[in-house]
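Only the coordinates and a few stated rules stand behind these numbers; no lab work does. Given the structure is predicted, the values throughout are model-derived calculations rather than measurements. Positions of Cβ are generated from backbone atoms using ideal geometry, with glycine treated the same way; all protein chains shown enter the neighbour counts.
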Amino acid sequence: MEKYAMPEGYNFIQSLWRTYKQVKDPIGAMEESMEQFNGTYSVNLGTRRLIATQDPGFIDHVLKSNHKNYHKSAIQTEELGKFLGKGLLTSNGDYWLKQRRLIQPGFHIEKIHALYSIIKKTVDDFLVEFPEGKVDVYPHLHKLAFEIVINSLFNIQVPLETRNKLNEFINEVQAFVIKDLRQPYKSWWFRLSGEVARNLERAKGARDVIRDIINTRRQSTDKFNDLLDMLLSVRYEDTGEPMQEDQVIDEILIVLIAGHETTANALSWTLYLLANHPAERQQLKEATKDLNVIQSVASDPLAAVIKESMRLYPPAWISDRVALNDDSYNGFTFPKGSIIILFYYGLHRDEKHWQEASAFNPGRFLKANEDKSKTKTYYPFGGGPRLCIGNNFAMAEMAIFLQAMIHQFEIAPTSEHPLLRPLVTLRPTRVMLNINRKQ
């Protein structure tokens, strides 16, 4: 058997124990191992070999310089794909590339200007009803992010029952996928007990709801300037044909599940950080008063606060890739089929690459202080050709909300601090803040 120069790490028995620790405390276990093995280590699970890294050069190698040798793993494609279909998040290879080229122009920043008024109205309507006092802001921001993505997808009055059905599908399916991934030894039971079948039925129900909206839209001659209009109007360059209906539904489900969970998490952590850093909060207020919508989206101080929040609490805190062929990096060699775990959370807090890495310092992201080298140590939206297609949309909606929130409400901390919930995304537990509307 050919020998490979794998990174130092854990043997088979140790790896089984580490897997148990990883389930109990994913981030803590990885931080401990990263410190022990200087940022890169291997895990031996018999036929499955994993390499975990927060080395920015290694991450750049996998996501950018040698990206053609790497695909997303079956965890991301097959497991989620069973419920979400074959969209950008759950596909690989030629099909993914074809879809990316088709859809990406619709998410360029100039193309989403038409959505700003939709986002602003959604935010304004939401803040009218925002509660005061000691509030767990996370469920409210989760609801807001869902409302923004629904309204941006479908610029029509979507009935409450329909919204609730789609929201329930997203929450139930994500919870099940996480449970299935963390307890693979129970997969047989999930199938036998009917839990897999129930979630597949939920997926069918969600698809039927979206199909009805698409059919109604196709019967209309009006223009709605929403994401559904964009998805229905794009054409493949080689054939001039539109996407098939099921392809459109696949992409809508991806936008729904990826487009609101990450935003809700990022906004919750951002409000928590601002509440606990009054000087930075006051600076942001003074720098953003009297901005209109487009100015707020382009605001350097708003973007800096959001970027620093996502550095400390990256919504996509981890990802993985599978090597399609043998590969090497910096003296390591590893076989095809190796799974490379990219630990963005660890990289973002690595003192080797960030001064005062654990401190909340939005100033480091102001354009005047911009450090181009940081692009290889900062991955809030992933990187390379698979950079999140909705990054401009996400930054716009977060900026519009944040400006409105800090100027309409006083935000202060409580004695309760959220804990990390590293699921598919990095959720907080309860984010308890003191919220009072300005008079």
**Label point distance in nm, Ser328-Ile75, each placed 7 Å from Cα along Cα→Cβ** = 2.8
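Work out how much length Glu31 to Gln14 would gain on full extension: take 0.36 nm times their residue separation and subtract the Cα-Cα distance, in nm to one decimal. Each step should come with its number before you reach the end.
Working: separation 17, 0.36 × 17 = 6.12 nm, distance 1.64 nm.
Contour length minus Cα-Cα distance gives 4.5 nm.
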**Item:** Cross-link pairs beyond the 21 Å C-alpha cut-off, checked among Lys367/Lys438; Lys165/Lys223; Lys289/Lys367
**Value:** Lys367/Lys438; Lys165/Lys223
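Given the -39500 (n - 2.57) contribution per DSSP H run of 4+ residues, what per-residue ellipticity at 222 nm results for the chain, rounded to the nearest 500 deg cm²/dmol?
Values: 17 runs with 218 residues, N = 439.
So the helix-based figure for the chain works out to -15500 deg cm²/dmol.
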**Message:** Per q in 0.21, 0.23 Å⁻¹, report the Debye log10 I(q)/I(0) for the stretch 1-86, using one uniform scatterer on each alpha carbon and no solvent.
**Reply:** -1.20, -1.26
**Fill in**
With +1 at each Lys and Arg Cβ and -1 at each Asp and Glu Cβ, the charge dipole magnitude of the chain around its Cα centre, to the nearest 20 debye, comes out at 480
**Fill in**
Note on the chain: C-alpha Rg/Rh, Kirkwood Rh, two decimals, gives 0.96
**Prompt:** Cα to Cα, under 22 Å, and not fewer than 8 places away if on the same chain: which lysines meet these conditions relative to Lys336?
**Reply:** Lys3, Lys64, Lys68, Lys72
**Message:** Under the 0.36 nm per residue contour assumption, what length would be gained going from the current alpha-carbon distance of Asp124 and Gln295 to full extension?
**Reply:** 59.9 nm
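Which whole-number percent is the relative contact order of the stretch 54-437 (Cα, under 8 Å, 6+ apart)? Walk me through the numbers before you get to the answer.
Numbers: 502 pairs, mean separation 103.0, N = 384.
It rounds to 27 percent for the stretch 54-437.
Suppose the chain between Tyr95 and Lys336 were pulled fully straight at 0.36 nm per residue; how much longer would it get relative to their current alpha carbon spacing?
Details: separation 241, 0.36 × 241 = 86.76 nm, distance 2.14 nm.
So the extension gain works out to 84.6 nm.
Using per-residue counts of other Cβ atoms within 10 Å, averaged over each peptide, order 320-330, 78-88, 253-263 from highest down. Let's see the in-between values first.
Numbers: 320-330: 16.4, 78-88: 19.8, 253-263: 24.1.
Packing proxy ranking, top to bottom: 253-263, 78-88, 320-330.
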**Prompt:** Listing Leu342, Leu200 from the residue with the fewest other Cβ atoms within 10 Å to the one with the most, what is the order?
**Reply:** Leu200, Leu342
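How would you rank Ser152, Ser296, Ser65, going from fewest to most other Cβ atoms within 10 Å of each one's own Cβ?
Details: Ser152 24, Ser296 20, Ser65 12.
Ordered by Cβ neighbours within 10 Å, fewest first: Ser65, Ser296, Ser152.
May I ask you to order 100-108, 163-171, 234-242 by the average number of other C-beta atoms within 10 Å around their residues, highest value first? Can you show the working numbers first?
On the way: 100-108: 14.9, 163-171: 17.1, 234-242: 10.4.
Highest mean packing first, the order is 163-171, 100-108, 234-242.
Of Lys121/Lys143; Lys307/Lys376; Lys143/Lys204; Lys285/Lys307, which ones are farther than 19 Å apart at the Cα?
Details: Lys121/Lys143 15 Å; Lys307/Lys376 14 Å; Lys143/Lys204 23 Å; Lys285/Lys307 17 Å.
Over 19 Å apart, Cα to Cα: Lys143/Lys204.
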**Request:** Take the alpha carbon atoms of the stretch 198-276, find their center, do the same for the stretch 399-427, and report the distance between the two centers in whole angstrom.
**Result:** 25
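How big is the C-alpha Rg of the stretch 1-42 next to the rule-of-thumb value 2.2 N^0.38 Å, as a ratio?
Details: Rg = 11.3 Å, N = 42, 2.2 N^0.38 = 9.1 Å.
The value comes to 1.25.
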